[in-house]
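Peer 1: Here it is, the structure, as structure tokens.
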Amino acid sequence: MIHQISVIAFDADDTLWVNEPYFQETEAKFCGLLEDYLPKHTASQELFKTEMANLDLYGYGIKAYILSMLETVLRITGNTGSPEIMHKVIQYGQEMLNKPIELLDGVEDVLKALSGHYRLVVATKGDLLDQERKLKKSGLEQYFHHIEIMSDKKEKDYHKLLKNLDCAPAEFLMMGNSLKSDVIPVLGIGGHAIHIPYHTTWEHERIDYNVEDPKFYKVDSIREILRYLQK
């Protein structure tokens with residue numbers, strides 16, 4: 001049982017609703033567009049390289065992804081990519097922005113169970129407009145005391161969030177699917193964190209070591225978090 005928690009923060013993408021599979025689906029189509037120039041695996045590597053180079057400039061989210069895809073097309077084709085390819089890339093991005101919101105199993109039941117007992121918060125990375133759109137479409141807004149769309153999820157970003165919430169680290173619990181973004185920095189500032197693995201994870205969010213900390217917990221599904229919390 002985790003004691004003295006007053007604020008529980010949830011990551012959004014791949015914690016509350018489906019996200020990464022849509023990126024993987026789009027990447028497969030994108031790599032198919034460039035088969036005349038590069039093998040699919042190599043095109044995928046080039047796209048990831050572009051994304052990493054652009055993170056500080058564009059941040060996270062679908063719009064940043066569209067720009068990185070367009071830039072990758074220009075680089076791979078030596079600035080000779082056809083208007084048809086460029087149009088297709090933009091179309092793929094628009095399709096992602098218009099995807100329906102698919103809640104993950106158990107999410108709303110858990111929020112109902114915790115609502116009124118804790119201050120519930122969304123703490124997620126991404127594009128402001130897109131994340132606001134997804135939250136509105138999800139039907140979950142009513143459960144949350146505060147929404148924080150973060151430019152990144154490092155210790156300084158969580159310090160800022162806790163200051164805004166007037167919450168001590170020891171009273172804060174973060175949960176999400178990324179050890180790198182949702183767990184490690186929160187533990188680093190003295191908060192609690194629960195890892196809820198998702199079946200697929202963006203390469204940028206993967207780590208290659210085990211997390212050991214008395215304030216770290218791992219569950220197989222979001223429903224399991226309830227056994228760690230007092231109601």
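Peer 1: Counting only residues that are outside any loop (DSSP other than H, G, I, E, B), under 13 Å from residue 11 (Cβ atoms) and touching an Asp or Glu at 6+ places or on another chain (Cβ under 8 Å), how many does segment 177-190 have?
Peer 2: 5
Peer 1: Tell me, please, whether a residue that is within 22 Å of residue 16 (Cα to Cα) and crowded, with 18+ Cβ neighbours inside 10 Å can be found in segment 68-91.
Peer 2: Of all residues in segment 68-91, those within 22 Å of residue 16 (Cα to Cα) come to none.
No.
Peer 1: Looking at (1) within 25 Å of residue 152 (Cβ to Cβ); (2) in contact with a helix residue (DSSP H, G or I) (Cβ under 6 Å, 6 or more places away or on another chain); (3) not basic (Lys, Arg), which one does residue 131 not meet, given that it meets all the others?
Peer 2: (2)
Peer 1: Would you pick out the residues in segment 37-70 that are of a type in the set (Phe, Trp, Tyr) and out of contact with any helix residue (DSSP H, G or I) (no Cβ under 8 Å at 6 or more places or on another chain)?
Peer 2: 60 - this is the single residue of segment 37-70 that is of a type in the set (Phe, Trp, Tyr) and out of contact with any helix residue (DSSP H, G or I) (no Cβ under 8 Å at 6 or more places or on another chain).
Peer 1: Looking at segment 138-158, I want the residues that are in the same structural domain as residue 11 (by TED's automatic domain parsing) and have a partner that is small (Gly, Ala, Ser) with Cβ atoms under 6 Å, at least 6 apart or on another chain. Which pairs are those?
Peer 2: Partner pairs satisfying both residue conditions: 143/115; 148/123; 151/59; 153/181; 155/188.
Peer 1: Now for a separate question. What is the residue count in segment 1-59 for residues that are hydrophobic (A, V, I, L, M, F, W, C) and under 28 Å from residue 121 (Cβ atoms)?
Peer 2: Total satisfying the criteria: 14.
Peer 1: Taking helices (runs of 4 or more DSSP H) that fall entirely within segment 1-86, which contain at least 2 residues that are aliphatic (A, V, I, L, M) and more than 24 Å from residue 102 (Cβ to Cβ)?
Peer 2: 40-58, 62-76
Residues checked against (1) modelled with pLDDT under 95; (2) polar (S, T, N, Q); (3) in the same structural domain as residue 144 (by TED's automatic domain parsing):
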residue	(1), (2), (3)
1	yes, no, no
29	no, no, no
44	no, yes, no
51	no, no, no
54	no, yes, no
60	yes, no, no
110	no, no, yes
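Peer 1: Something else: Considering only residues that are over 17 Å from residue 10 (Cα atoms) and part of a loop (DSSP other than H, G, I, E, B), which ones fall in segment 191-229? Show your work before the answer.
Peer 2: So the first thing to find is which residues in segment 191-229 are over 17 Å from residue 10 (Cα atoms), and the list is 199-200, 202-204, 206-214.
The answer is 199, 200, 202, 206, 207, 208, 209, 210, 211, 212, 213, 214.
Peer 1: Given (1) surrounded by 18 or more Cβ atoms within 10 Å (Cβ to Cβ); (2) acidic (Asp, Glu); (3) in the same structural domain as residue 26 (by TED's automatic domain parsing), identify the lone condition not met by residue 127.
Peer 2: Going through the list (1) surrounded by 18 or more Cβ atoms within 10 Å (Cβ to Cβ); (2) acidic (Asp, Glu); (3) in the same structural domain as residue 26 (by TED's automatic domain parsing), residue 127 breaks only (3).
Peer 1: Another question about this same structure. Restricting to segment 56-72, name every residue that is among the aliphatic types (A, V, I, L, M) and touching a residue at least 12 places away in the same chain (Cβ under 8 Å).
Peer 2: Selection gives 62, 64, 66, 67, 69, 70.
Peer 1: For segment 163-176, which positions are free of Cβ contacts under 8 Å to residues at least 40 places away in the same chain and either aliphatic (A, V, I, L, M) or in a loop (DSSP other than H, G, I, E, B) (or both)?
Peer 2: Correct list: 166, 168.
Peer 1: Checking residue 177 against (1) within 17 Å of residue 161 (Cα to Cα); (2) buried (at least 17 other Cβ atoms within 10 Å of the Cβ), which test does it fail?
Peer 2: (1)
Peer 1: Within segment 119-137, which residues are touching a residue at least 60 places away in the same chain (Cβ under 8 Å) and within 15 Å of the chain's Cα centre (by Cα)?
Peer 2: 121, 122, 123, 124, 125, 126, 127, 130, 131, 134, 135
The values are calculated or read from the model by the stated rules, or taken from the named source; none is laboratory data. These numbers come from a predicted model, not from an experiment. A quick note on method: Cβ atoms are made from the backbone with ideal geometry, for glycine too, and the neighbour counts reach across all protein chains shown.
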